Amino acid sequence: MIDQNKCETCPVHNTGNLKRLGINMDKFDFVVALSGNPNTGKSTVFNNLTGLKQHTGNWPGKTVTRAEGGFEFNKNRYKLIDLPGTYSLLSTSTDEEIARDFILFGQPDVTVVVVDATRLERNLNLVLQVLEITDRAIICLNLIDEAKRREIEIDDRALARDLGIPVIPTQARQGIGIPELLKSIEDVVTGKFICKPYRIAGSSKGLTKAVENLTEKVKNQFPGLPNARWVALRLLEGDQKIIDAIRSGEISGIVKRNSVEENIVAV
Amino acid sequence: MIDPLFALLIAFAFSGILAVLFWPAKGIYATYKKAKRNTSRVLIEDALKHLYDYEERTVKPTLRSIAGHLSVSSDDTIQLVEKLQSMGLVESNEDGIQLTPKGRSYALRIIRIHRLWERYLADETSVKESEWHLEAEEKEHNISTEEAETLAAQMGNPVFDPHGDPIPTKEGEIPKRKGMPLTILKNGEFGRIIHIEDEPHAIYIQLIAQGLYPGMQVKIINAEKNRIRFEVNGEECVLAPLFAANVNVTPIQKQDEITSDFKSLSSLRKGEKAVVVGISKACRGPQRRRLMDLGVVPGTLVIAELESIGRDPVAYNIKGATIAIRKKNADQIYIKEFSQEKLN
Amino acid sequence: MTAIQTNEREKLIASANTLRWEIGENIHDSIIETIYTEAAKIANKAVRVKEQKKKYSYDQAIDRIVTSKWLGFPIMFFLLAVVFWVTIEGANVPSGLIASLLVDTLHPILKNFIASVGIPNWINGVMIDGAYLAMAWVISVMLPPMAIFFPLFTLLEDFGYLPRVAFNMDNLYRKVGAHGKQALTMTMGFGCNAAGIIATRIIDSPRERIIAIITNNFSLCNGRWPTQILIATIFIGGAVPAYFAGLVSAAAVVGIALLGIIFSLVVSWGLSKTILKGEASAFSLELPPYRPPRILRTLYTSLIDRTIFVLWRAVVFAIPAGIVIWLVANITIGETSIAEHFTNWTDPFALIVGLNGVIFLAYIIAIPANEIVVPTVLMLTVLVAGIAGVGSGSGVMFELDSVADTSAILHAGGWTVLTGINLMLFSLLHNPCSTTIYTIYKETKSVKWTVISTILPVIMGFAVCFFVAQVWRLIAGS
């Protein structure tokens, strides 16, 4: 078992199975969303996987629209969506809305959060928010070389354990770690690896009761919703998209998908 | 070829005329627009608001109070009330003038638009605080219900206006007003400001000049007959009871982290460190969210790193990223001295 | 969906609303605070920093210099000047080569070929002299400078310099009530205004974003550089001794670009005081760490992403313009062509503002692509002034090999130094090109703002040219 694992994570073995499809993505088996703070090398990861040459400017907010590309790995075809770089998913700015809506309603099979290893704490803000929305996520711990240069050491295994999702250290510029990332994407989308995402439990002061109260109501209305607490919080913030999704019942689409997924895993 | 001097004179004259016509706020066009404002629709809506306001405060409105509020003659007022009656918006009997359910829901709709617009001005624009109310007074008559709903959805359906007043829902629901005037609190008691009355305007201007906002916590130091001394956000404030009565508070039990002498982030010199205590309530809406998303939350260590020409903006190191913030915003971020133990 | 379900859902939404009234407004604050607390807890467990001393030395050292009080602005201007200088100098030779290939060599061949196949003359004229030549001009005038400018600019961008420019300039932008990131979009506009306008998406505040969109046109874009350079060389360089000419005309062009920045500040201020009233809102800008640019990669991506993309768009718009040019020069009403009718008709007014009818017509035709202004002006001048022996017939755009020849034609067409200066000013202050107008509409989704951003610069252009003309005449006449 261990030997086989070694073979599978061996870069030579894996890059051989990667076929960059550029913008050719007519048929695909899985959808992968790429999210992350600005300036974390998200576009570099995107280019690396798809073979596209999206411009990677060095100023915050450079990617103002979402880009799409495709790749094939171990006979599976993936569609990769590069979401705008954001610090958070809670505000009402356009780029954050695009990113948030895609992760929630676009229902990617996995969301890869590109994280700047030199500023882990700041980046975890976004990671935790993504984990509130979706179950299937991977951290791509990028710029690991820069972190080494600054003598920052990150225990990626402890991080993976704490967050309940895979954490893959990479240097996207040099292509280091990309094969492992691909493998991890495959494991998550095929259900080989089941994420147990860390969810924020308490909220401060007088809020807890209101949130619990509403979460219960959301659960009653939409049984099986994986992110009922998050939906409740969004309702308390008056998020129109969520209100509309509740009104139209679109929210329950998330429920269905998730249960189908669970069935596959069970079989 | 026209003589250049002559051409210049003509041009200056022409721009002069244009300026007289279109000068913002004072030009002929602007004056005309202002004059046109007092149409019957505006009068009807303002009258309904006035009636609703009195109803809420359980005061009986009179023809006189309406005339005073709208600044129209008493003859016009009588006509107006008759018109309202014929429209089925009010009814008058021996108890005086009252809103009908239809009139009340009309009034609430106007109030919703008014408060939404104030909220919009406060959160999304940089219009000065003292102008929010006056601009909303104009705007409330010119926005359609659909436009108002789009605006509300965009802003995340706010439920309070920037003065702390609840915004009625689309269906016309509104919670009962809680709280009490600041004058009722006794020495040593704590309260949270939930509302600052924006009328009369002159008093409101005075109150905001003192830096009072809904959400702030106050502690009464000394309440006397002709003046009330209290502490708010670490600063001492003195108000006459007439003014203090326009500040609504809800009493609170314990003191939520009000300590004295917070400095603002803008006082930090290049190379100095400090810990964030909070963001002033004056910084609202997307601006506040953006700052918090960037990591400006209580407990964050900040280091002033770069000063641009004129010391504005200054770039701070916040959780590993270098972030430039304008002085105006740095003024609204409170900090305290950095101490080593605090971090670990 | 059943009625009961709908009802239940509405109840859920309503109960959320009631709760919101109870819990007050601090919910967002406390959510973010909780998330950051948790993030810090998790990060502290996973991260070990060995040594804190040397942490950001390399980035900080650069930042200290490029944002310093005394060196910040000079470095900025120096870098921009270098980029422009390299663009101007480097584009000359390839531009000539492409022009001689597409215009001097290929054009006659095509024309003869089509004539020999027996296609009527007027179709030949429309297609080859009109459409083809316009395309050829756009390619030869635009491609080389863009192929140099965009990669250079992209290198600066990838390195991380642009946010520092915004940081330095913010003081000015704040004072005029604009957003600090407007400096970023301005610099993008030096490449292409349409690109600059798309970049305004990084500005959150709607008011300040509209200001940035309206004023982006004052960034002298790539399509206007050739006009500036040629006219400066002829009229300003020509007015000083030969050994100064190069330097003075380059300075004149940079001066116009600076004037553009000043105009953008003035107009931003004006808008903040009138139709877009308000004070500058929050400005928080991340200054990202410097990253060593990867030169080959940058060359490749900026060529594909930007140069070819912008060029393609320009060509698409230039082809119909070329057809129109040919038609107005060749369709006659009475004895004279439409072009001559128009120039004769507008000349009196145009002369008051120190321009002429030819320039007007050229600018109207060149709305789709500013690059063809100069060739169109030359063609029309020859046509209107009735100069014999140059050009290749009416409706055929051309440029001359030597600046001296061009200068001779323009002088024969009644041009003076004033015409030259005003053309440079008008080239800075006129409506944006059609691509940009379309982009503005797409970004603002508002006819009102599109019209304002289109008309405002034209009015300013006329006003400025008018005053310059009158003052010039007063001084020169006395």
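Within segment C:31-51, count every residue that is of a type in the set (Val, Ile, Thr) and open to solvent by 20 Å² or more (accessible area, probe 1.4 Å).
Pass one, segment C:31-51, residues of a type in the set (Val, Ile, Thr): C:31-32, C:34-35, C:37, C:42, C:47, C:49.
Still in the running and open to solvent by 20 Å² or more (accessible area, probe 1.4 Å): C:34, C:37, C:47, C:49.
Of the residues in segment C:31-51, 4 are of a type in the set (Val, Ile, Thr) and open to solvent by 20 Å² or more (accessible area, probe 1.4 Å).
From the residues in segment B:24-51 that are out of contact with any strand residue (DSSP E or B) (no Cβ under 9 Å at 6 or more places or on another chain), assigned to a helix (DSSP H, G or I) and among the hydrophobic types (A, V, I, L, M, F, W, C), which one is surrounded by the fewest Cβ atoms within 10 Å (Cβ to Cβ)? Even if it seems obvious, please write down each step before you answer.
Narrowing segment B:24-51 to residues out of contact with any strand residue (DSSP E or B) (no Cβ under 9 Å at 6 or more places or on another chain): B:24-46, B:49-50.
Next, from what is left, pick out any that are assigned to a helix (DSSP H, G or I): B:28-36, B:40-46, B:49-50.
Retained after the next criterion (residues that are among the hydrophobic types (A, V, I, L, M, F, W, C)): B:28, B:30, B:35, B:42-44.
Details: B:28: 12, B:30: 14, B:35: 8, B:42: 17, B:43: 20, B:44: 20.
Filtering first and then ranking leaves B:35.
Take segment C:261-279 and flag every residue that is assigned to a helix (DSSP H, G or I) and within 14 Å of another protein chain (Cβ to nearest Cβ).
From segment C:261-279, those assigned to a helix (DSSP H, G or I) are C:261-273; that's our starting set.
C:268, C:269, C:270, C:271, C:272, C:273 - these are the residues of segment C:261-279 that are assigned to a helix (DSSP H, G or I) and within 14 Å of another protein chain (Cβ to nearest Cβ).
Would you mind telling me which numbered condition in (1) open to solvent by less than 20 Å² (accessible area, probe 1.4 Å); (2) modelled with pLDDT of 80 or more residue C:370 fails?
(2)
Got a number for residues in segment A:228-252 being more than 14 Å from chain B (Cβ to nearest Cβ) and either in contact with a strand residue (DSSP E or B) (Cβ under 9 Å, 6 or more places away or on another chain) or assigned to a helix (DSSP H, G or I) (or both)? Can you show your working first?
Kept after step one, since they are more than 14 Å from chain B (Cβ to nearest Cβ), are these residues of segment A:228-252: A:228-232, A:248-252.
Pick out the ones that are also either in contact with a strand residue (DSSP E or B) (Cβ under 9 Å, 6 or more places away or on another chain) or assigned to a helix (DSSP H, G or I) (or both) and you get A:228-232, A:248, A:251-252.
Residues flagged as more than 14 Å from chain B (Cβ to nearest Cβ) and either in contact with a strand residue (DSSP E or B) (Cβ under 9 Å, 6 or more places away or on another chain) or assigned to a helix (DSSP H, G or I) (or both) within segment A:228-252 amount to 8.
Could you please find all residues in segment C:427-446 being open to solvent by 10 Å² or more (accessible area, probe 1.4 Å) and within 19 Å of residue C:259 (Cβ to Cβ)?
C:431
Quick check on this structure: which one of C:296, C:258, C:285 is at the interface with another protein chain (Cβ under 8 Å from one of its Cβ atoms) and within 24 Å of residue C:154 (Cβ to Cβ)? Talk me through it step by step, then tell me what you get.
Working: C:296 fails: at the interface with another protein chain (Cβ under 8 Å from one of its Cβ atoms); C:258 fails: at the interface with another protein chain (Cβ under 8 Å from one of its Cβ atoms).
Among C:296, C:258, C:285, only C:285 is at the interface with another protein chain (Cβ under 8 Å from one of its Cβ atoms) and within 24 Å of residue C:154 (Cβ to Cβ).
Any residue at all in segment B:106-116 that is touching a residue at least 40 places away in the same chain (Cβ under 8 Å), open to solvent by 20 Å² or more (accessible area, probe 1.4 Å), part of a helix (DSSP H, G or I) and touching a Lys or Arg at 6+ places or on another chain (Cβ under 8 Å)?
yes
Consider segment C:204-215. How many of its residues are open to solvent by 10 Å² or more (accessible area, probe 1.4 Å), part of a helix (DSSP H, G or I) and within 11 Å of another protein chain (Cβ to nearest Cβ)? Don't jump to the end; show me each part of the working.
Residues of segment C:204-215 open to solvent by 10 Å² or more (accessible area, probe 1.4 Å): C:204-207, C:209-210.
Going one step further and asking which of them are part of a helix (DSSP H, G or I), we end up with C:206-207, C:209-210.
Okay, now just the ones that are also within 11 Å of another protein chain (Cβ to nearest Cβ), so C:206-207, C:209.
Within segment C:204-215, residues that are open to solvent by 10 Å² or more (accessible area, probe 1.4 Å), part of a helix (DSSP H, G or I) and within 11 Å of another protein chain (Cβ to nearest Cβ) number 3.
Please go through segment A:160-183 and give me each residue that is away from chain C (no Cβ under 12 Å), of a type in the set (Val, Ile, Thr) and part of a strand (DSSP E or B), ordered by number.
Those that are away from chain C (no Cβ under 12 Å), of a type in the set (Val, Ile, Thr) and part of a strand (DSSP E or B): A:168, A:176.
Quick one: is residue C:33 at pLDDT 85 or above, in contact with a Ser or Thr (Cβ under 8 Å, 6 or more places away or on another chain), at the interface with chain A (Cβ under 10 Å from one of its Cβ atoms) and not in a strand (DSSP E or B)? Step through it out loud before you land on a result.
Numbers: at pLDDT 85 or above: yes; in contact with a Ser or Thr (Cβ under 8 Å, 6 or more places away or on another chain): yes; at the interface with chain A (Cβ under 10 Å from one of its Cβ atoms): yes; not in a strand (DSSP E or B): yes.
Against the criterion (at pLDDT 85 or above, in contact with a Ser or Thr (Cβ under 8 Å, 6 or more places away or on another chain), at the interface with chain A (Cβ under 10 Å from one of its Cβ atoms) and not in a strand (DSSP E or B)), residue C:33 qualifies.
Please specify each residue of segment C:447-469 satisfying the condition of being free of Cβ contacts under 8 Å to residues at least 40 places away in the same chain and either under 17 Å from residue C:271 (Cα atoms) or surrounded by 21 or more Cβ atoms within 10 Å (Cβ to Cβ) (or both). First the steps, then the outcome.
Within segment C:447-469, the first condition is being free of Cβ contacts under 8 Å to residues at least 40 places away in the same chain, and the residues that meet it are C:447-448, C:450-451, C:454-455, C:458-459, C:461, C:463-464, C:467.
Within segment C:447-469, C:448, C:450, C:451, C:454, C:455, C:458, C:459, C:461 qualify.
Quick one: which residue in C:70, C:122 is more than 30 Å from residue B:304 (Cα to Cα) and either open to solvent by 60 Å² or more (accessible area, probe 1.4 Å) or not hydrophobic (A, V, I, L, M, F, W, C) (or both)?
Among C:70, C:122, only C:122 is more than 30 Å from residue B:304 (Cα to Cα) and either open to solvent by 60 Å² or more (accessible area, probe 1.4 Å) or not hydrophobic (A, V, I, L, M, F, W, C) (or both).
Give C:255, C:238, C:260 a once-over and let me know the one that is modelled with pLDDT of 90 or more and either within 17 Å of residue C:95 (Cβ to Cβ) or surrounded by fewer than 23 Cβ atoms within 10 Å (Cβ to Cβ) (or both). First the steps, then the outcome.
Values: C:255 fails: modelled with pLDDT of 90 or more; C:238 fails: modelled with pLDDT of 90 or more.
After applying the criteria, what remains is C:260.
Inspect all residues belonging to segment B:189-209 and state whether any of them is within 19 Å of the chain's Cα centre (by Cα) and among the basic types (Lys, Arg).
Of the residues in segment B:189-209, the ones within 19 Å of the chain's Cα centre (by Cα) are B:192-209.
Next, only the ones that are among the basic types (Lys, Arg) stay: B:192.
Yes, there is a match, as at least one residue in segment B:189-209 is within 19 Å of the chain's Cα centre (by Cα) and among the basic types (Lys, Arg).
Name the residues in segment B:117-157 that are of a type in the set (S, T, N, Q), in a loop (DSSP other than H, G, I, E, B) and farther than 23 Å from residue A:242 by Cα, would you?
The initial filter retains those residues of segment B:117-157 that are of a type in the set (S, T, N, Q), namely B:125-126, B:130, B:142, B:144-145, B:150, B:154, B:157.
Next, from what is left, pick out any that are in a loop (DSSP other than H, G, I, E, B): B:125-126, B:142, B:144, B:157.
Once the filter is applied, which keeps residues that are of a type in the set (S, T, N, Q), in a loop (DSSP other than H, G, I, E, B) and farther than 23 Å from residue A:242 by Cα, segment B:117-157 yields B:125, B:126, B:142, B:144.
Yes/no per residue for (1) in contact with a helix residue (DSSP H, G or I) (Cβ under 6 Å, 6 or more places away or on another chain); (2) open to solvent by 40 Å² or more (accessible area, probe 1.4 Å); (3) assigned by TED's automatic domain parsing to the domain that holds residue B:199; (4) not acidic (Asp, Glu):
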{"residue": "B:18", "(1), (2), (3), (4)": "no, yes, no, yes"}
{"residue": "B:21", "(1), (2), (3), (4)": "yes, yes, no, yes"}
{"residue": "B:53", "(1), (2), (3), (4)": "no, yes, no, no"}
{"residue": "B:76", "(1), (2), (3), (4)": "no, yes, no, no"}
{"residue": "B:81", "(1), (2), (3), (4)": "no, no, no, yes"}
{"residue": "B:86", "(1), (2), (3), (4)": "no, yes, no, yes"}
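List the number of the failed condition for residue C:97; all other conditions in (1) open to solvent by 50 Å² or more (accessible area, probe 1.4 Å); (2) over 23 Å from residue C:369 (Cβ atoms) hold.
(2)
Just the residues that are in contact with a Phe, Trp or Tyr (Cβ under 8 Å, 6 or more places away or on another chain), assigned to a helix (DSSP H, G or I) and of a type in the set (S, T, N, Q), please, taken from segment C:216-257.
The answer is C:222, and nothing else.
Here are the criteria: (1) farther than 26 Å from residue B:142 by Cβ; (2) surrounded by 17 or more Cβ atoms within 10 Å (Cβ to Cβ); (3) away from every other protein chain (no Cβ under 14 Å). Tell me which single one residue B:95 does not satisfy.
Condition (2) is where residue B:95 drops out.
Across segment C:1-30, what is the total count of residues that are at the interface with chain A (Cβ under 7 Å from one of its Cβ atoms) and either among the hydroxyl-bearing types (Ser, Thr, Tyr) or open to solvent by less than 50 Å² (accessible area, probe 1.4 Å) (or both)?
Matching residues across segment C:1-30 total 11.
How many residues does segment B:291-324 hold that are facing another protein chain (nearest Cβ under 7 Å), at pLDDT below 85 and surrounded by fewer than 22 Cβ atoms within 10 Å (Cβ to Cβ)?
The qualifying residues number 4.
Select from segment B:125-134 the residues that are within 10 Å of chain C (Cβ to nearest Cβ) and open to solvent by 50 Å² or more (accessible area, probe 1.4 Å) and write down the one among them that is nearest to residue B:202 (Cα to Cα).
B:131
How many residues does segment B:147-165 hold that are more than 14 Å from chain A (Cβ to nearest Cβ) and open to solvent by 30 Å² or more (accessible area, probe 1.4 Å)? Steps first, please.
Here is the first cut: in segment B:147-165, the residues more than 14 Å from chain A (Cβ to nearest Cβ) are B:147, B:162-165.
Next, from what is left, pick out any that are open to solvent by 30 Å² or more (accessible area, probe 1.4 Å): B:147.
Of the residues in segment B:147-165, 1 are more than 14 Å from chain A (Cβ to nearest Cβ) and open to solvent by 30 Å² or more (accessible area, probe 1.4 Å).
The values are calculated or read from the model by the stated rules, or taken from the named source; none is laboratory data. Source: prediction; values computed, not measured. Don't worry about glycine lacking a Cβ; one is built from the backbone with ideal geometry, like all the others, and counts go over all protein chains shown. Accessible surface is based on the protein model in full, side chains and every heavy atom, while ligands, DNA and RNA are left aside. Shrake-Rupley method; radii C 1.70, N 1.55, O 1.52, S 1.80 Å.
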